[in-house]
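Written below as structure tokens is the structure these notes are about.
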Amino acid sequence: MSTSTAAKDAAADAVTALVTHLTTLDEAGVENATARQAVTWDASAGNGGDNTAQIDIAIPSSEDVFWVAGYTANAGGTQHTKTPAGSTFKRPCHIDGDTNTINLAAHGLSNDDRVVLEDHDGGGLPTGLAEETFYYVVGATTDSFQVSTTQGGSAVAITGDGNAYVQDAVPQPFPSGGTYSIAAGAYRVEAVV
């Protein structure tokens, strides 16, 4: 049974009501030494809410931004959202353990792009894959690709089939420090119900 758009919007609104600040995290998910920035959200329309204004986060030198996370407070609080840095899409895909491939029609990814996988249906990812892990795309074709833990490396051996969400990811290094900017409307909170 599918969930109505109104129910999905209500779930997204519940999350955006909790998330008052955004910050950045390193690859391990540890908060960078930055100040969290306040965020405001538009009204959910179409299963999600977007940030209404640009957010600029100061990044100290020698830090890398891998994740953007939403918290309930300027300090402390609870983390409610976590999205790969630079992500422009989150789409459902099918994982084929027989061929170690991820099938997604017209995905637009190229070898060496980065992706993150997330469980789609509550059954967990097939053995060999892990959530919150940055993978490199290898063996890309128009409608499928494989993933590797190293750039240009061998495809991860996958045991079993499954469904997942795939998100593109663009980690950003800051060797001399700088500002990580999130344009208005670029950070979306979606309800998965």
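We did not get these values from a lab; they are worked out from the coordinates using the rules stated. Predicted model only: the values in this text are computed from it and were never measured. Reconstructed Cβ throughout: ideal geometry from the backbone, glycine too, with neighbour counts over all protein chains shown.
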Considering all alpha-carbon pairs of the stretch 61-129, what whole percent are spaced by more than 17 angstrom? 60
The stretch 113-193: GluC sites (Glu not before Pro) in DSSP coil with no more than 15 other Cβ atoms inside 10 Å: Glu131, Glu132
Degrees, to the nearest 10: 5-18 long Cα axis against longest axis of the chain: 50
Return a whole-number percent for the relative contact order of the chain, with Cα pairs under 8 Å and 6 or more residues apart as the contact set. 28
Considering the dipole of the chain built from charges on the beta carbon (Lys and Arg +1, Asp and Glu -1) around the Cα centre, which of Trp41, Ala69, Ser154 is farthest to its positive end? Trp41
Given axes a ≥ b ≥ c from the Cα gyration tensor, I'd like to know whether the stretch 152-193 is rounded (a/c under 1.5), prolate (a/b larger than b/c) or oblate. oblate
Under Stokes-Einstein, the chain at 10 °C and 1.306 mPa s, with its Kirkwood radius over C-alpha pairs, diffuses with a coefficient in µm²/s of 91
Which value, in debye to the nearest 20, gives the size of the charge dipole of the chain about its Cα centre, when Lys and Arg are +1 and Asp and Glu are -1 at the Cβ? 320
Report the Stokes-Einstein translational diffusion coefficient (µm² s⁻¹, integer) for the stretch 17-119, Rh taken as the Kirkwood radius over Cα pairs, at 10 °C with viscosity 1.306 mPa s. 101
